[in-house]
Amino acid sequence: MSPTGAALQAGIVRLGELWVSPVPAFDSRAAGIAQVDYYSMDAFARGLADALPVAAIGAGAQCVQPGDVLISCAAQMPRRAWVVADRGRPQVASADWLVLRSPRHDPTYLRHILVSNEFRLRFTRAVASARGAPARIAAIDLPQPSLARQRAAARILDHADALRAKRRSSLATLDRLAPALFHGRNRVLPSAAERAALDALSTRLDASRRALDALIAVLRDGAFRRDALLLGGDDGGERAGC
């Protein structure tokens, strides 16, 4: 189904317009295929699709393509969404995902709004009852600003994500550093001043991480609502183009 003229003019599109259904099933007997990139829930937790032999792919696997955005079907895991990448192999997803595809959305921007608080609220309401849930999910409105503004918002959100990852890495390093310094071969116990300094540094890093978490949540919700501050002003003059 194609977006209606009214939806395009309003900068809004229904999720059902992006939802690929039915998704072609993966045929492990396809000639010439030795390995695939497999997008599963376990792979999502590790942050990278698994390169698997076709014999390892179970029933219900779906054929997806680069640029598709996958979102978890499970109500208890509504913040799981990722973009299918091109790594030179066929791409296959487990049956745990809804597949979204849109030439009028930047995939990274779409992923960010699909893990926003605003979308999570609408999604969990839609799946609260099994009866009619697919229709309610398909009826969720998604923003559709110009591609240029989507990409600008995605760059901001990606940068914030990268900063948060660095803070988490710093905290993890600090957690490993303290035992190494004070409980290594010589079993030297830290002085009160040393322990206080490490605790203060850990507190500052953790506060910074939590502040970034809150900022990213605000930015993602702003992207969902098409806030002018994040998208760069009124989108009125660019809705028909890219």
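Would you mind checking the stretch 40-75 for residues with the amide N under 18 Å from a putative spin-label position 7 Å along Cα→C-beta of Ile33?
The answer is 40-41, 49-70.
Once amide H atoms are built 1.01 Å from N in the peptide plane, which residues 5 or more positions from Ala51, or in another chain, come under 5 Å H to H?
The answer is Tyr38.
State the Cα centre-to-centre distance between the stretch 106-166 and the stretch 38-82 in whole Å.
17 Å
Using the heavy atoms of the protein chains and a 1.4 angstrom probe, tell me the accessible area per residue for the stretch 44-156 in square angstrom. Could you put the intermediate results ahead of the total?
Values: 4990 Å² over 113 residues.
For the stretch 44-156, the solvent-accessible area averages 44 Å² per residue.
The values are calculated or read from the model by the stated rules, or taken from the named source; none is laboratory data. Note that the structure is predicted; figures quoted are calculated from it, not measured. Neighbour counts are summed over all protein chains in view; Cβ atoms, including those assigned to glycine, are modelled from backbone coordinates with ideal geometry. The protein model used for the area step is the full one, side chains on, heavy atoms only, and it has no ligands, DNA or RNA in it. Shrake-Rupley method; radii C 1.70, N 1.55, O 1.52, S 1.80 Å.
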